[in-house]
Amino acid sequence: MRALFGLVGLVVVLAIVGLLAKKQLAATSAPVPALQTATGAAGPASVPTGTVREQSQQMQQQVKQQVEGLMQQARPMPEDEKK
């Protein structure tokens, strides 16, 4: 009797894992949603097109450009904030 319950439990767990794997595979084959861009960041590079690899490269380039832009801004000094 103990072996029967063990076998039934194993089949139930296998069915649950199978359903979860099916849902995960369905989610990975779904189309990738468009990336959202910041307000004011308009241009041809702001709309992702192509494969996931190309979208990833575009996203990395956008982040790099944003970081470089922020690095160019002057940092407010404590004396400037008091005035």
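The values are calculated or read from the model by the stated rules, or taken from the named source; none is laboratory data. Not measured: the values here are computed from a predicted model. Calculation scope for accessible area: heavy atoms of the full protein, side chains included, ligands and nucleic acids excluded. Shrake-Rupley method; radii C 1.70, N 1.55, O 1.52, S 1.80 Å.
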Additional length obtainable on full extension of the chain from Val63 to Val11, 0.36 nm per residue less Cα span: 14.0 nm
Solvent accessible area, Å² - Lys22, 1.4 Å probe, full protein context: 140
